[in-house]
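Read through the structure below, which is laid out as structure tokens, and then see the notes.
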Amino acid sequence: MRITRWFLLLALAAPVALAASAAWAQDSFKVAIGQLEIWSGQAPILGQKAGIFKKHGLTLEIFGTAGAGETVQAVISGSSDFGINVGTQGVLRAFAKGAPIRVIGANFTGAGDIFFYVRADSPIRSLKDTTERNTISYSTGGSTTHNIVLGLGKELGIKAVATSTGGMPATLTAVMSGQIDIGWGSPPFGLKEVEEGKIRVVAGGNDVPSLRSQTIRVEVVNGNVLKNRNDAVLRFVRAFRETLDWMYADPEAIKMYAEAIKVPVAIARTAVEKYQPKEAKQFDRILDIEGIMTDAVKHKFLDVPLTKEQLAEFIQIPPRQ
């Protein structure tokens, strides 16, 4: 009798187990990250390695892009569900044009994790030395670095010609080979070259006054994914927040990061503590949205600022539970 009852329970449990397995398989997301090397884009990568996303019933397929422009296009086209480390102004432009893209979190406030550099033998000592004959790089259109370079021109009168160079390794190659005068980077990338005397830092992102208090990068989701898979998106956000807390609390996170990007742990720790502090990585609020929209109009990313109704549709950060 006990054996018969056990088989009956097993038979009843089998469909439930299969259904649960099928549901689990559906809870997967594609995640595009601009500049895989940067700490501010590491939450999906490190969170998955640490098992945090798995704990929330999620599996992530992660791939890198050369910058925010490519990331935004991947989310709009549906080839990625989420975009990480994306310039706020570029997302504003896409949304204003009707693209199915929504903000679900802040990525970075201020521009202190971006620096600009020249070759060690360059005659340029500061950006004030530049003329129209010089070139200054940014990653892709609509990216943080693009926004900073535009701000350097508009607010500080820097005359160097803005030039897209893609990711940081390609940019360094362009600078060292003389194709570009001024490159961009984000620690820990470039710190080794600075220590070795190969390059010199001539400016930082926070040199642009308007950017110091703005949320310059955000995390985004495809609008259709947000609508049709809302429960899974909420779990993604919960896992993301938990990962951020862990990244700044557990030294193992920096060790994992250093191993992934192949730099000494000490350099990775310096990059995080000096350039990417936790307060800059707050997730829950888009700071100075009015100033962001004003700059977006000035830089021709927007024709006019969004209305309150449009902002409510654009920014959909789930509240903390």
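Out of the DSSP beta bridges found with both residues in the chain, what percent are antiparallel (nearest 5)? Please list the in-between numbers first.
On the way: 19 of 35 bridges.
DSSP beta bridges in the chain are roughly 55 percent antiparallel.
Within the P(r) computed for the stretch 187-270, what percentage of the Cα pairs occupies the region above 16 Å? Could you put the intermediate results ahead of the total?
Numbers: 2497 of 3486 pairs.
Roughly 72 percent, once rounded to a whole number.
Helix-derived [θ] at 222 nm for the chain: sum -39500 (n - 2.57) over DSSP H runs of at least 4, divide by residue count, nearest 500? Before the final figure, lay out each step's value.
Values: 14 runs with 142 residues, N = 321.
Using -39500 (n - 2.57) per qualifying helix, the result is -13000 deg cm²/dmol.
Could you list the trypsin sites (Lys or Arg not before Pro) in the stretch 101-169 that lie in coil according to DSSP, counting only those with at most 10 other Cβ atoms within 10 Å of their Cβ? Don't skip to the answer; put the middle values down first.
Values: sites: R102, R119, R125, K128, R133, K154, K159; in loops: R125, R133, K159.
Passing sites in the stretch 101-169 are R125, R133.
Enumerate the amide H contacts of A162 below 5 Å, restricted to partners 5 or more residues apart or on another chain; note that Pro and chain-start residues carry no placed amide H.
I136
Let me know the Kirkwood hydrodynamic radius for the stretch 68-153, please, with Cα pairs as the basis and the value in Å to one decimal. Mind showing how you got there, number by number?
Values: mean 1/r = 0.0684 Å⁻¹.
Evaluated over the stretch 68-153, this radius sits at 14.6 Å.
Each residue of the stretch 152-157 in turn: what ³J(HN,Hα) in whole Hz from Karplus with 6.51, -1.76, 1.60 and θ = phi - 60°, glycine and Pro shown as x?
Here the 3J(HN,Hα) series is 4, x, 6, 8, 10, x Hz.
Grab every C-alpha pair in the chain, bin the distances at 10 angstrom width from 0 up to the longest one, and report whole percents.
6, 26, 32, 21, 8, 4, 2, 1, 0, 0
Using a 1.4 Å probe on the protein chains only, how many percent of the accessible area of the stretch 103-157 belongs to carbon and sulfur? It would help to have the intermediate numbers written out before the result.
Numbers: 930 of 1910 Å².
The nonpolar share, carbon plus sulfur, comes to 49 percent.
Please turn the phi angles of the stretch 37-46 into ³J(HN,Hα) values with the Karplus equation 6.51 cos²θ - 1.76 cosθ + 1.60 (θ = phi - 60°), one per residue in order, whole Hz, x for glycine and proline.
6, 7, 4, 5, x, 8, 3, x, 5, 5
What residues qualify as long-range amide H neighbours of K30, i.e. H under 5 Å apart, gap of 5 or more or another chain, H built at 1.01 Å from N?
The list, which skips near neighbours in sequence, is E61, D81, F82.
Check each of the trypsin sites (Lys or Arg not before Pro) in the stretch 269-321 and keep only those in coil by DSSP with at most 16 other C-beta atoms within 10 angstrom; list them in order.
Those that pass, being in a loop and sparsely packed, are R285, K300, R320.
Provide the per-residue ³J(HN,Hα) series for the stretch 235-249, in order, calculated from phi with Karplus coefficients 6.51, -1.76, 1.60 and θ = phi - 60°, each as a whole number of Hz, with x at glycine and proline positions.
5, 4, 5, 4, 5, 4, 4, 4, 5, 4, 4, 5, 4, 9, 10
Which of the aspartates and glutamates could be linked to K159 by a straight reach, that is with a Cα gap under 20 Å, when you skip same-chain ones fewer than 8 residues away?
Reachable aspartates and glutamates: D129, E132, D181, D207, D295.
Would you kindly state the longest site-free stretch of the chain, with sites defined as GluC sites (Glu not before Pro) in a DSSP loop (not H, G, I, E, B) surrounded by at most 12 other Cβ atoms within 10 Å? Could the numbers behind the result be given before it?
Details: sites that count: E132, E196.
Result for the longest clean stretch: 1-131.
Could you calculate the FRET efficiency of D129 with E259 from 1/(1 + (r/R0)^6), where r is the beta carbon distance between them and R0 is 35 Å, rounded to 0.05?
Values: r = 39 Å, r/R0 = 1.11.
Computed FRET efficiency for D129 and E259 comes out at 0.35.
At 1.4 Å probe radius, can you tell me the per residue accessible area of the chain in Å²?
Values: 14790 Å² over 321 residues.
Spelled out: the 1.4 Å probe surface of the chain, per residue, equals 46 Å².
Hey, which of these cross-link pairs are over 27 Å Cα-Cα: K128/K198; K54/K255; K128/K300; K227/K298?
Over 27 Å Cα-Cα: K227/K298.
Can you compute the modelled spin-label distance between S177 and D250, with each label point 7 Å from Cα toward Cβ, in nm?
Calculated label separation equals 4.1 nm.
Given charges of +1 on the Cβ of Lys and Arg and -1 on the Cβ of Asp and Glu, with all other atoms neutral, how large is the dipole of the stretch 181-321 about its Cα centre, in debye to the nearest 20?
Details: 21 positive and 21 negative charges, 38 e Å.
Here the size comes out at about 180 debye.
Between the stretch 251-321 and the stretch 81-141, what is the separation of their alpha carbon centroids in Å?
What the calculation gives is 12 Å, centre to centre.
Among G98, G178, G166, which residue has its Cα furthest toward the positive end of the charge dipole of the chain, with +1 on Lys/Arg Cβ and -1 on Asp/Glu Cβ?
G98
Find how much the distance from K192 to Q321 grows on full extension, using 0.36 nm per residue of separation minus their present alpha carbon separation; answer in nm with one decimal.
On the way: separation 129, 0.36 × 129 = 46.44 nm, distance 4.14 nm.
Using 0.36 nm per residue and subtracting the Cα-Cα distance, I get 42.3 nm.
Within the stretch 160-240, what whole-number % of the accessible surface is contributed by carbon and sulfur, with the 1.4 Å probe and all protein chains included in the calculation? Intermediate values should be presented prior to the final figure.
On the way: 1620 of 3100 Å².
Ligands and nucleic acids excluded, carbon and sulfur reach 52 percent.
The values are calculated or read from the model by the stated rules, or taken from the named source; none is laboratory data. Since the model is a prediction, treat every value here as computed from it, not as a measurement. As a convention, Cβ positions derive from the backbone with ideal geometry for all residues, glycine included, and neighbour counts pool all protein chains shown. Side chains are part of the model used for accessible areas, which takes the heavy atoms of the whole protein and leaves out ligands, DNA and RNA. Shrake-Rupley method; radii C 1.70, N 1.55, O 1.52, S 1.80 Å.
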